[in-house]
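Student: Structure provided below as structure tokens; questions to follow.
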Amino acid sequence: MTKIQSIRSIRVSLPFETGGPRHGMRPSLDAWTKMECVMVRIKTSDGLEGWGEAFGHAMAPGSEAVINQILAPMLVGRDSVAINHRIAELERPLHGLGRSGPLMYALSAIDTALWDLAAQRAHLPLYKFLGGESGVLTKYASLMRYRGNTDAVAQNVERARSYGFRTIKLHETTIPAFRAARNAVELDDKICLDVNCPWTIAEAREVAQEISEEGFHWLEEPIWPPEDFEGLAEVRLEGVPISAGENITTLHEFKLAMETEAIDNLQPSVTKCGGISKMRKIISLAEVYPVTVIPHCFYWGPGYHATAHLAASCLTPTPLETAFITFAVEPHKLFNSRSDQLTLDDTPGLGFISNWDELDKFIISTDEVNAS
Ligand SMILES: [Mg+2]
């Protein structure tokens, strides 16, 4: 057996620039200037190390605590090969502590690290291990929120376009900001609108009606709460394609969302929903519904690699969300917001090779649990 010898969490807070004024993602939150990532590194008795990422951002302390204090002590010393069994042994006894949130985020990191190890043992990059053929992906630019500042929106849309991006997503909530972006690009460019759950069904329908003839590529998470799939289906009737899924974590909820005909583009998040194992199940399930899977990926650590490999493993590789921000240091060679293309090489596993010489000073905490 290849034993799990140690599990280390590494929480990194990386400063970034947005090319515009700084805001929080919610009015009540401080301006967002650093992006926190919770990484997991699993070392095994065959001398390998696998990497994963738990959803971080403002939840980083929670995800980190679950890894160090709950999951890692249950997992060290165990066999790392039988992934289905390891995950079931964590998920089932702990189900009462949350089917989403920090527990599922932490589990996502562990699962991804185990898949990284499995692909390394097969001497294959993960996307080939999962049955994919080409490591070439097209990315879409996911802009920060400029809180309705139409000049900043237009400038940054133009900047993204100048780097080659032809699909650009906003995190704005006002129609003037939507139109500023639409007017800054060519007709066949795609503008996506991620509004992050602000509206009632009636409000969302009103917005969707008003913009329905303007060719927006999708409207993402228009209503509160995100799990109101019937409400989402009502908004969808206005004719603007709907994207959602980053806040869904269980397979049953994904099924319900698709059965309710609420969604055109399904956006599961590998750092939230349960890692590679769950993503594979979601992608398979989605094959029997008229939806396109376009994973959520607003992060920069091993979760970015995991999403890229999953996207490349699909028969038709899906576009890879890439935060349109500039970090204080390049976290690794794969993250580059100045190009709309990405090629995964043949490095076995995830190929997460980070720039630790530079990243080191942005580590805000780290902990390790070892097998006795
Ligand atoms: Mg989103």
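Student: Among N68, N156, N355, whose mean-square fluctuation peaks in a Gaussian network model of the chain (Cα, cutoff 10 Å)?
Tutor: Maximum fluctuation in the GNM of the chain, among the listed residues, is at N355.
Student: Another one. Based on the Cα gyration tensor of the stretch 269-317, what are the three equivalent ellipsoid semi-axes, each the root of five times an eigenvalue, rounded to whole Å and given largest first? Mind dumping the intermediate values first?
Tutor: Values: eigenvalues 65, 26, 16 Å².
After diagonalising the Cα gyration tensor, the semi-axes are 18, 11, 9 Å.
Student: Taking K and R as +1 and D and E as -1, what net charge do the other residues with C-beta under 10 Å from the C-beta of R161 add up to?
Tutor: Details: positive: R159, R166; negative: E158, E186, D189, D340.
That sum, taken over residues with Cβ under 10 Å, equals -2.
Student: Averaged per residue, what accessible surface does the stretch 226-372 expose to a 1.4 Å probe, in Å²? Let's see the in-between values first.
Tutor: Numbers: 5840 Å² over 147 residues.
That works out to 40 Å² per residue.
Student: Could I ask something else about it? How many angstrom lie between the C-alpha centres of the stretch 147-189 and the stretch 278-317?
Tutor: If we compute the Cα centre of each part, the gap is 25 Å.
Student: Setting aside same-chain residues fewer than 8 positions from K361, which lysines have a Cα under 30 Å from its Cα?
Tutor: K34, K43, K139, K272, K333
Student: Given a 10 angstrom Cα cut-off, can you work out which residue in R92, R236, R338 is the most mobile in a GNM of the chain?
Tutor: R92
Student: Indicate, rounded to the nearest 5 percent, the antiparallel portion of the DSSP beta bridges found entirely in the stretch 127-343. Mind showing how you got there, number by number?
Tutor: Details: 3 of 24 bridges.
If we restrict to bridges inside the stretch 127-343, about 10 percent are antiparallel.
Student: Let a ≥ b ≥ c be the square roots of the eigenvalues of the Cα gyration tensor of the stretch 127-343; is it rounded (a/c under 1.5), or, if not, prolate (a/b larger than b/c) or oblate?
Tutor: Details: a/c = 1.79, a/b = 1.06, b/c = 1.69.
Oblate, because a/c is 1.5 or more while a/b does not exceed b/c.
Student: Using a 1.4 Å probe on the protein heavy atoms, what percent of the accessible area of the chain belongs to carbon and sulfur? Show your work: numbers first, answer last.
Tutor: Values: 7530 of 14990 Å².
Ligands and nucleic acids excluded, carbon and sulfur reach 50 percent.
Student: Under 11 Å from the Cβ of G274, count the other residues' Cβ atoms, weight Lys and Arg +1, Asp and Glu -1, and hand me the total. Display every interim value, and only then the final one.
Tutor: On the way: positive: R99, K272, K278, R280, K281; negative: E91, D111.
That sum, taken over residues with Cβ under 11 Å, equals +3.
Student: Can you list residues whose amide H is under 5 Å from D367's amide H, if they're 5+ apart or on another chain and H is modeled 1.01 Å from N?
Tutor: Close amide H contacts, sequence-distant or interchain: S9.
Student: I would also like to ask the following. In whole angstrom, how long is each semi-axis of the equivalent ellipsoid of the chain, when you take the square root of 5 times every eigenvalue of its Cα gyration tensor and sort them from largest down?
Tutor: On the way: eigenvalues 221, 100, 75 Å².
Those come to 33, 22, 19 Å.
The values are calculated or read from the model by the stated rules, or taken from the named source; none is laboratory data. The shown structure was predicted, so the numbers you read here are calculated from the model rather than taken from an experiment. Quick reminder, even Gly has a Cβ in these numbers, built from the backbone with ideal geometry, and neighbours come from all protein chains shown. In case anyone asks, the SASA skips ligands and DNA or RNA and just uses the protein heavy atoms, side chains included. Shrake-Rupley method; radii C 1.70, N 1.55, O 1.52, S 1.80 Å.
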